[in-house]
Amino acid sequence: MNHQRRIWLTGASSGIGLALAEQLAEQGHRIALTARRREPLRALAKRYPEQILVITADLTDIHAVREAGERLDATWGGLDWAILNAGTCEYMELPRFSASLMERVMRVNVLGTANCIETALPLLRRGHEPRLAVVGSSVTYLPLPRAEAYGASKAALRYLVQSLELDLANEGVAVSLVSPGFVDTPLTANNDFAMPMRLSAKEAARRTLRGLERGQREISFPGRFIAMLRLIAALPAWLRITLTRRRRKPEATTEQEIN
Ligand SMILES: NC(=O)c1ccc[n+]([C@@H]2O[C@H](COP(=O)([O-])OP(=O)(O)OC[C@H]3O[C@@H](n4cnc5c(N)ncnc54)[C@H](OP(=O)(O)O)[C@@H]3O)[C@@H](O)[C@H]2O)c1
């Protein structure tokens, strides 16, 4: 058995987060699970009552996140890992560019994660071999259609994590960025396009944890999919755009519909 860690995991009520929670619990770690929905967290806590702490919170609410931090502090006094996985995805449907959609996605993915980082860092500084892991996305390797909001939010996280890594370099807090390809979860359930090399949530969680155990700073999978994205991104712009642009014509075209 590995060292028993104290781990804060966000977005633990479904998809990759739920699979991470199950695997971490099976490995014997102590985990604090956070999401807005309490039931899925409680169901897992019933199976591992000694190991699991349920802390429901809306991560976009800084006060709720600070309260979560107070509970973590009171219960464990420090954190060894924080895995900030909670996220949302909404696609932009042009011709109508929606600033409010942009705001919704940024609020959860960027500001929600920033709220958690503010709360997690003081606890990680008191942890054993501490590591902050943020779940981004492989979308940051290649601009994709309709991903204006989601892709921008994950690109912001990539920069945030890489900048933070520099500032934490002397503090002994390690940083990891997790960039999954397509994973079968409620987040992708309604996608109406091909999702090549899609993994199960269980497999995505397994690869994430393997990377974290190895102390990898960049955890991207599946490898062949990431290589394909990087290759297309390196092509001349005209060819990259020809390969990635949307084929279907938008339906709304009149000025009234657009506004
Ligand atoms: N699935 C993929 O193909 C894929 C690919 C690349 C990256 N990712 C990333 O992987 C992460 C997990 O995604 P998933 O696919 O597992 O999606 P998911 O099944 O929809 O899970 C999202 C999780 O985030 C939580 N969450 C969302 N908004 C929240 C908020 N305001 N406050 C607290 N918790 C919130 C949800 O819990 P509640 O609704 O209960 O609050 C849920 O537990 C995300 O960051 C996503 O961007 C996914």
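Within the stretch 160-182, is even one residue farther than 20 Å from W81 by Cβ and under 12 Å from the mean Cα position of the chain (by Cα)? Yes: one or more hits. If only residues of the stretch 157-194 that are farther than 25 Å from R224 by Cβ and among the β-branched types (V, I, T) are counted, the one that is nearest to the ligand (Cβ to nearest atom) is V175. Among the residues making up the stretch 19-36, those that are within 12 Å of the ligand (Cβ to nearest atom) and assigned to a helix (DSSP H, G or I) are A19, L20, A21. Residues in the stretch 125-144 that are in a loop (DSSP other than H, G, I, E, B) and more than 9 Å from the ligand (Cβ to nearest atom): R125, R126, G127, H128, E129, P130, L142, P143, L144. Of all residues in the stretch 206-250, those that are more than 28 Å from E148 (Cβ to Cβ), of a type in the set (G, A, S) and surrounded by 15 or more Cβ atoms within 10 Å (Cβ to Cβ) total 1. If you filter the stretch 14-30 down to residues that are in contact with a Leu (Cβ under 8 Å, 6 or more places away or on another chain) and crowded, with 24+ Cβ neighbours inside 10 Å, you find that the one that is farthest from P130 (Cα to Cα) is L18.
I need a count of the residues in the stretch 37-54 that are within 18 Å of the chain's Cα centre (by Cα) and either surrounded by fewer than 17 Cβ atoms within 10 Å (Cβ to Cβ) or part of a loop (DSSP other than H, G, I, E, B) (or both). Of the residues in the stretch 37-54, 1 are within 18 Å of the chain's Cα centre (by Cα) and either surrounded by fewer than 17 Cβ atoms within 10 Å (Cβ to Cβ) or part of a loop (DSSP other than H, G, I, E, B) (or both). I need a count of the residues in the stretch 73-87 that are within 15 Å of the ligand (Cβ to nearest atom) and among the hydrophobic types (A, V, I, L, M, F, W, C). Qualifying residue count for the region: 4. The set of residues from the stretch 30-58 being in contact with a helix residue (DSSP H, G or I) (Cβ under 8 Å, 6 or more places away or on another chain) and of a type in the set (G, A, S) comprises A32, A35, A57. Applying the criterion of being β-branched (V, I, T) and part of a loop (DSSP other than H, G, I, E, B) to the residues of the stretch 177-210, the residue that is farthest from A19 (Cα to Cα) is T188. Against the conditions (1) modelled with pLDDT under 95; (2) of a type in the set (D, E, K, R); (3) touching a Phe, Trp or Tyr at 6+ places or on another chain (Cβ under 9 Å), D184 satisfies every one except (3). Checking each residue in the stretch 145-156 for being over 21 Å from A227 (Cα atoms), away from the ligand (no atom under 13 Å from the Cβ) and not basic (K, R) picks out only E148.
Quickly run through the stretch 1-18 and pick out the residues that are near the ligand (Cβ under 8 Å from one of its atoms) and either farther than 26 Å from F182 by Cβ or touching a residue at least 60 places away in the same chain (Cβ under 8 Å) (or both).
Selection gives T10, G11, A12, S14, G15, I16, G17, L18.
The values are calculated or read from the model by the stated rules, or taken from the named source; none is laboratory data. Model, not experiment: these values are computed from the prediction. Note that we place each Cβ from the backbone using ideal geometry, even for glycine, and neighbour counts take in every protein chain shown.
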